[in-house]
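What follows is a set of notes on a single structure, which appears directly below.
The values are calculated or read from the model by the stated rules, or taken from the named source; none is laboratory data. Remember, it's a predicted structure, so these values are computed and weren't measured experimentally. We place every Cβ from the backbone using ideal geometry, glycine too, and count neighbours over all the protein chains shown. We work out accessible area using only protein heavy atoms, side chains counted, and drop any ligands, DNA or RNA first. Shrake-Rupley method; radii C 1.70, N 1.55, O 1.52, S 1.80 Å.
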Amino acid sequence: MKQFTLSFLLFLPLFLLAQKQNLTIHFTEIPSNDGRLLVSLFNGKNSYTSQKPYLTKSLDIENFSATWKLDSIPQGTYIIAAVHDENINGKLDFAETGMPEEAFAFSNNVQPKMGPPNPDEMIFTIKENESAVQNIKMLFFGMKSKQIKEVDVVADKKQFVKTDADKTTYQVKDNPTLTSGSMRDAVRKLPGVVLSPTGDLNLNGKDVAIYIDGVPSNLSGSDLKNYLQSIPANTIEKIELIENPGASYEANSSGAVINIITRSIATQDVSGTLNFHYGNSNNHKFSPSVMLLGRKNKINWQLQSGYNWHEQHQENDVSQTFYSFEPDVIFKHNSEQNNLNRNMYIRPMLNYRLSQNSYIVFNYNLNASNNRDHTTSTSFTENLDKITEYGKNYNYTTIYRNPEVNRNNEFVAKYKVVLDSMNRSLQITGYYSNYNKKSNAQSEQKTETPIYGINAINMNLNNAYGKVDLEIPFEKISFTLGGKYNITDAHNLGKYNLNNTSSDIFNNPTYKSEIDFNYNEQNLAAYAEARKTIGKLSATLGVRIEDLKYESRVASADTVIGDRITNVFPTVNLLYRLIPNVNLSARYSRRISMPAYSQLDPNTNGYFDSFASAEGNQNLKPNFFDNYFLSISAFNYASLGSYLRYSKNISLTSTVVEPNSLKTKMTSVDYENTKIYGAYLALPVPFGLFTKGTAFFKQPMNMEKMSYAYLYLSCNFNDIKDYPYPIGTGKKPLWMFNINTHVVLPYEFTLDGNWFHMFKGNFQIYSIKEPMNYWLVDLTRKFMNERLEVTAEVMKDISQHVAFNIENLKTDFFGKQDGTTFWIKLSYRFGKFKSKEETHIDVEKKEVEGGGINVRK
């Protein structure tokens, strides 16, 4: 018996090879040649209901059809399920209504009726020695195949906005309002995104962390501004406004996250976009750039590169009242600042498909800047002659020059594998960045006895992390688990020779003092997140635990400041669908905000003379925030919301001065017990609503062919305990109004406008003394079969009039920059481009995944 069994096992492969059964599956009427066709072959009814396929296959699409041939297959019963994975995200996408957004099909051409199809109707049998054939027609939105061909492109649903429980996503590609201009322009046009009085981006009263392709940017300040300004908006696929970041995001994202996703699906051939922007406001600005992408077999690649030359002129008037003297001493400074910002970037990406269910991605990002700052300031004083120590008023001119060279290198590697047909997946990410800044500043103060000063900065910042994410979806609930270890190490050596009476130090630099500053931060985190839909309620609950250790040290002093903090950060996101297309959202999160390295570094980091300097504050504390949010939205566009943000302390840019001193220092200061609360209203107004009435809602929605206005109104209340606001302002709310318009003109021209108005009021510690305005107008037309896009633009940036009070000092600041700027923007697309909607709003990142097929949502 043993010999028979052994012989049977030895000859079993020969019996299998002798099988004559084969199966050929022809798929036709696929809506487009884009993406791929995912096919699962199930061995009987039980195999299908348990979603354990016998075989899976990813097929290329040609001429709207695909074929799978199996030359040897056991006899038996089978079921076929297929999905047109047009966006290559490894699954069938669904609209909010529950309808599939991609084509699908089953064996025997069975069509679902008010739910999943009956497996008994899909079963077919392969008999011994049979050559079976299945001719399957793809289904699209439940319509018959011949109806698909009759649908005009206009009828394709271009969903430019999608609201989820934890974020709002705006499609940029094919959205005419957002594609003209730079990446920074596109972000600023989004509802709720405003420029705060400090020049930072703000989303509905919250500070913002910028992510690019899911990775937090380690650039900040002018470096981040110049980088975003140099990248064209038409390289963006979509932008996610995440007002309440979930547990998978770092707890250090204190307020909101703006995630800019640039990756796109590539065709088999090389395609790309050439861009050239030129602007003039008596200063020159230009930025050529190129984006290339392609696919070859298992390799999907992309390259973005560009250069930015940005001249900027800014005029500032500052009045400072030192009220610790009797009488008050007043300093007035009138300055003209001319900046030349030059930066080059290159962003290659390589995506290699290891198997049908796994891939690996490599990213490298280089951003190199060479900037020049030249400031001439004229200063004069009042009542200084009445102070015995000085005995006279000062009138002097200061010339400040600061050449600065920056290099930022980022490396990202990511591996992802889909573990089974339920799309359970494992993702491993590794990240490393190095940022280096070198500057050599000079200050020349022209008084009766000229004073000269120099300082040299050499700063190096390294950041690295490893991250693991595991997605575990079940039929009724989905879990995400993960962990992350992050380490940051920074070092800055600043050298100084200040208040010198000889200008020889400019040509032969010698330094009399130095500050050697080091900062180290280590963070170990773990998180868990659950998503579940119960009827009309969608809930995302998460918890994150972080063990944070940080230390800052000045080598020449005994000042070592640090701590170890272990905390739990919960997150709750709820979305309830009141009626179709109307949602009620409620959110809560607890976050931490660590002071930025630049806020801690005690080295001088900006303008200085004998009376003024700018440096960090090593004594800043971590800031903890509790965030509450409630909103109602309709049709993904209209929304009404309110929010409350509380922190025991917050670090803000301010100025400090000692009693009976005239020497000011711009730095960051901790303010305790802060509350920010407010409300906003966002409302789209299609012009066709007035001309066509209710018939407007019965026609296909195409944003490119529609004229509309998008209105946004917000009100912010800022309450900082015991803060001495300027007289007459009190705790006055800050109102902001923004309108975006898109008007379709004759001869295929479009007119886009954006106007932002900030009323008088208080924001954090700053009082807005005069309304602030920002506006731009774009006139756009496409040529050469829509491959060439030409935009003429005129814009005027914000002028600021801000006041703030601190102990011993009142400051009144007025600044304006550049005036009106005229732009011409050219964009040329080449290669193969898709004829219909290229991307859907709920595609995560165009990553090649795989797995079995399950049409049940």
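Starting from the residue with the highest accessible area, list Trp68, Trp735, Trp775 in decreasing order, probe 1.4 Å.
On the way: Trp68 25, Trp735 110, Trp775 80 Å².
The residues order as Trp735, Trp775, Trp68, largest area first.
What is the helix-to-structure angle for 221-230, meaning the angle in degrees between its Cα long axis and the longest Cα principal axis of the chain, kept from 0 to 90 and rounded to the nearest 10?
50 degrees
Once the whole set of protein chains is in place, how much accessible area is left on Met344, using a 1.4 Å probe, in Å² to the nearest 10?
Approximately 70 Å² of Met344 is accessible to the 1.4 Å probe.
Taking Rh as the Kirkwood radius computed over C-alpha pairs, what is the Stokes-Einstein D of the range 388-481 at 20 °C in a medium of viscosity 1.002 mPa s, expressed in µm² per second?
Working: Rh = 18.9 Å.
Taking Rh from Cα pairs, D becomes 113 µm²/s.
Just to check I understand the Karplus step: with θ = phi - 60° and J = 6.51 cos²θ - 1.76 cosθ + 1.60, what whole-Hz values come out for the range 335-350, glycine and proline as x?
10, 10, 10, 10, 10, 10, 10, 10, 9, 10, 9, 9, 9, x, 9, 10
For the range 37-137, what are the per-bin percents of Cα-Cα distances with bins 10 Å wide, up to the bin holding the maximum?
14, 47, 33, 6, 0
Which of the peptides 102-109, 456-463 is most tightly packed, and how do the rest follow, judged by the mean count of other Cβ atoms within 10 Å per residue?
Working: 102-109: 20.8, 456-463: 17.8.
Going from most to least packed, we get 102-109, 456-463.
Starting from 0.36 nm per residue, how many nanometres of slack lie between Lys549 and Asn129 once their C-alpha separation is accounted for? Kindly include the intermediate steps, with their values, before the conclusion.
Details: separation 420, 0.36 × 420 = 151.20 nm, distance 6.92 nm.
Result for the pair: 144.3 nm of gain on full extension.
Translational diffusion coefficient of the range 415-574 at 37 °C, 0.692 mPa s, Stokes-Einstein with Kirkwood Rh over Cα pairs, in µm²/s as a whole number. Working shown, then result.
Values: Rh = 20.3 Å.
Rounded, D is 162 µm²/s.
Within 10 Å, Cβ to Cβ, of Gly255, how many net charges do the neighbouring residues add up to if Lys/Arg are +1 and Asp/Glu are -1?
Working: positive: Lys206, Arg591, Arg645; negative: Asp207, Glu243.
For residues surrounding Gly255, the net value is +1.
Just tell me which aspartates and glutamates come within less than 18 Å, Cα to Cα, of Lys437; anything on the same chain fewer than 8 places away is out.
Cross-link targets: Asp223, Asp373, Glu404, Glu410, Asp489, Glu514, Asp516, Asp601, Glu615.
How large is ³J(HN,Hα), in whole Hz, for each residue of the range 120-128 in order, when computed from phi with the Karplus curve 6.51 cos²θ - 1.76 cosθ + 1.60 and θ = phi - 60°, using x for Gly and Pro?
Those phi angles translate into 4, 7, 8, 5, 9, 10, 10, 8, 4 Hz.
Cα-Cα over 27 Å: which of Lys91/Lys167; Lys238/Lys296; Lys495/Lys816? Please report the intermediate quantities before stating the final value.
Values: Lys91/Lys167 21 Å; Lys238/Lys296 25 Å; Lys495/Lys816 32 Å.
From Lys91/Lys167; Lys238/Lys296; Lys495/Lys816, over 27 Å: Lys495/Lys816.
Taking H placed 1.01 Å from N in the peptide plane, check which residues at least 5 places from Ser358 or on another chain put their amide H under 5 Å from its amide H.
Answer set, sorted by chain and number: Val418.
Any of Lys189/Lys782; Lys206/Lys416; Lys52/Lys298 with alpha carbons more than 27 Å apart? Name them for me. If you can, show how the numbers build up before the last one.
Values: Lys189/Lys782 21 Å; Lys206/Lys416 33 Å; Lys52/Lys298 25 Å.
Among Lys189/Lys782; Lys206/Lys416; Lys52/Lys298, the Cα-Cα distance tops 27 Å for Lys206/Lys416.
Quick one: angle between helix 2-17 and the longest Cα principal axis of the chain, in degrees between 0 and 90, rounded to 10, please.
Long axis of 2-17 versus the principal axis of the chain: about 80 degrees.
If I model a spin label at Ser72 and Lys532 as a point 7 Å from the Cα along the Cα→Cβ vector, what separation in nanometres do I get?
Result for the modelled spin labels: 4.8 nm.
Determine the percent antiparallel among the DSSP beta bridges restricted to the chain, to the nearest 5.
Details: 391 of 406 bridges.
Taking every DSSP beta bridge with both residues in the chain, the antiparallel ones total about 95 percent.
Which percent of the accessible area of the chain is formed by carbon and sulfur heavy atoms (probe 1.4 angstrom)? Spell out each step's value before the answer.
On the way: 21320 of 37720 Å².
Roughly 57 percent, rounded to a whole number.
As a test of the formula, what do you get for the chain when each DSSP H run with n ≥ 4 contributes -39,500 (n - 2.57) and the sum is divided by the residue count, at 222 nm and rounded to the nearest 500 deg cm²/dmol? Walk me through the numbers on the way to the answer.
Details: 10 runs with 64 residues, N = 857.
One gets -2000 deg cm²/dmol as the mean residue ellipticity at 222 nm.
So the label point goes 7 Å from the Cα of Val270 along Cα→C-beta, right? Which residues of the range 279-307 then have their backbone N under 20 Å from it?
288-307
Considering amide H positions built from the backbone, and no H for Pro or chain starts, which residues 5 or more places from Thr262, or on another chain, come under 5 Å of its amide H?
HN-HN under 5 Å from Thr262: Asp213, Glu237.
Taking the Kirkwood radius as the inverse of the mean 1/r across Cα pairs, report the Rg/Rh of the range 484-628.
1.22
When the convex hull of the Cα atoms of the range 207-354 is projected onto a plane and the area is averaged over all directions, what value comes out in nm²? Display every interim value, and only then the final one.
Working: hull surface 53.4 nm².
For the range 207-354, averaging the hull's shadow over all directions gives 13.3 nm².
Which entries of Lys392/Lys446; Lys512/Lys549; Lys69/Lys414 show an alpha-carbon separation above 22 angstrom in the structure shown? List each step's numbers first, then the result.
On the way: Lys392/Lys446 16 Å; Lys512/Lys549 34 Å; Lys69/Lys414 33 Å.
Beyond 22 Å between Cα atoms: Lys512/Lys549; Lys69/Lys414.
Over the chain, what is the relative contact order in percent, taking alpha-carbon pairs closer than 8 angstrom and at least six residues apart? Present the calculation step by step, with values, prior to reporting the outcome.
On the way: 2351 pairs, mean separation 99.1, N = 857.
Relative contact order for the chain comes out at 12 percent.
If the cut-off is 19 Å between C-alpha atoms, which aspartates and glutamates fall inside it for Lys532, apart from same-chain ones fewer than 8 positions away?
Asp93, Glu96, Asp164, Asp166, Asp469, Glu471, Glu475, Asp842, Glu844
May I ask for the percentage of alpha-carbon pairs in the chain that lie more than 57 Å from each other? Each step should come with its number before you reach the end.
Working: 59706 of 366796 pairs.
Taking all Cα-Cα pairs of the chain, the fraction more than 57 Å apart is 16 percent.
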